[in-house]
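Derivation of every value follows stated rules applied to the coordinates shown; laboratory data play no part. None of the values given here were measured: they were computed from a predicted structure. Every residue, glycine as well, gets a Cβ built from its backbone with ideal geometry; the counts of neighbours run over all protein chains shown.
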């Protein structure tokens, strides 16, 4: 998947555990763990807002786009 979640990086920068984030944000440890391990298929804006507010960061600090560079774009159309 070309979207990478850097939640572990932000947690380390803020010296915060996943447990502390879970308690502060009101999201279960299981759901945050799924997000942290890049297994999530979606994230609610309200959850992203709460995470960013708690970690004092921007969504771009947590989410990163890495597109496939191997895909050729057909410009002949």
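For residue 49, project a label point 7 Å along Cα to C-beta. Then give me every residue of the stretch 1-34 with its amide nitrogen under 13 Å of that point.
No residue passes the distance filter.
Extension gain residue 56-residue 18, at 0.36 nm per residue separation less the Cα-Cα distance, in nm?
Additional length available on full extension: 12.2 nm.
Restricting things to alpha carbons, find the Rg to Rh ratio for the stretch 3-65 using the Kirkwood radius for Rh.
Result: Rg/Rh = 0.90.
Does a label point 7 Å from the Cα of residue 8, set along Cα-to-beta-carbon, have any residues of the stretch 54-69 with amide nitrogen under 13 Å, and which are they?
Hits in the stretch 54-69 for residue 8 at 13 Å: none.
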